[in-house]
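Structure, as structure tokens:
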Amino acid sequence: MPAFLLHGVPDTHHLWDGVRQHLSRTDIIAPDMPGFGRDVPAGFGSTKEEYLDWLIGEVENVGEPVDIVGHDWGAMLVERFVCLRPDLVRTWAAGAGAIDEAYVWHPIAQMWQTPGAGENVMQGMTPETIVPAFVNDGMPEPVAKEFAARIDDRMKAAVLPLYRSAVNYMKEWAPDLDRVKTPGMVICGEKDQYMALDIHRRMAERTGAKLVTLPGGHWWPAQFPKETAQALESFWANA
């Protein structure tokens, strides 16, 4: 029963490198989403539904239920996934992204969702601008530099259609949260500037999930890898 770790935007499976160093288990699968550190398949439009279908296929290929974990966009995909395919999940954990009808997209997302403005923002996403932003969000500078170096044109081309397909994801996906019965855990940084603690708290209450808070920002797997690993292993052991 492997652990399946899913990254978010704009990053790759390397988000989980620090966490994996502190996990005792070795049965870990951490793929790159199409367009994020890898090419997209032919005909793949990088919409939220296509990423969801991709995720379902990846977990089906595992051949047994998984302990699935998601961060940021990976979190929202995991939360939607567990609504639709609980048969493929033993436990789920997610954070830095939640499904809530009252959520309003943060300003950067709104720019990405705006034709023209989003393309201009992407042109300005260089290591010189990205590293300080990541560090300001709580990411250690060496990790921030590694992350920034992996943001290429292929990734930028995937981000825009993903966000533009998800303007109203919260209203489209939230009603199905009430069907979630699978054991879950919501992890969040208390200072996450992209999705507030209250949103995460409502997500946990609505799904019956355990809530774990960490004293940092959005990038808790990079900022608190040891604490994240400890929270996951405690959760898995008691699920």
Of all the C-alpha pairs in the stretch 126-165, what % are more than 12 Å from each other?
59
From the alpha carbon gyration tensor of the stretch 163-239, can you work out the equivalent ellipsoid semi-axes (sqrt of 5 times each eigenvalue) and give them in Å, largest to smallest?
22, 18, 10
Residues with amide H under 5 Å from that of residue 212, placed H, sequence gap 5 or more
186, 187, 188
Give the shape of the stretch 78-180 as rounded, prolate or oblate, defined through the alpha-carbon gyration tensor: a ≥ b ≥ c are the square roots of its eigenvalues, a/c under 1.5 means rounded, and otherwise the shape is prolate if a/b is larger than b/c and oblate if not.
prolate
Under 1.5 on a/c is rounded, so check that first for the stretch 98-239, then, if it is not, pick prolate when a/b is larger than b/c and oblate when it is not; a ≥ b ≥ c are the square roots of the alpha carbon gyration tensor eigenvalues.
oblate
How big, in percent, is the set of alpha carbon pairs in the stretch 1-117 lying more than 17 Å apart?
57
Length gained, residue 62-residue 108, 0.36 nm per residue minus C-alpha separation, equals 13.1 nm
All-pairs alpha carbon distance profile, the stretch 7-76, 5 Å steps from 0, percent:
3, 14, 27, 26, 19, 8, 3, 0
Compute the convex hull volume of the Cα atoms of the stretch 51-95, divide it by the residue count, and report the result per residue in Å³ as a whole number.
55
Read phi for every residue in the stretch 44-50 and hand back ³J(HN,Hα) as whole Hz from Karplus 6.51 cos²θ - 1.76 cosθ + 1.60, θ = phi - 60°, with x for Gly and Pro.
7, x, 6, 8, 4, 5, 5
In whole Å and largest first, what semi-axes does the C-alpha gyration tensor of the chain yield when each eigenvalue is scaled by 5 and square-rooted?
25, 20, 18
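Bear in mind these aren't lab numbers, they're just calculated from the coordinates by the rules spelled out. Fair warning: this is a prediction, and the values are worked out from it, not measured in the lab.
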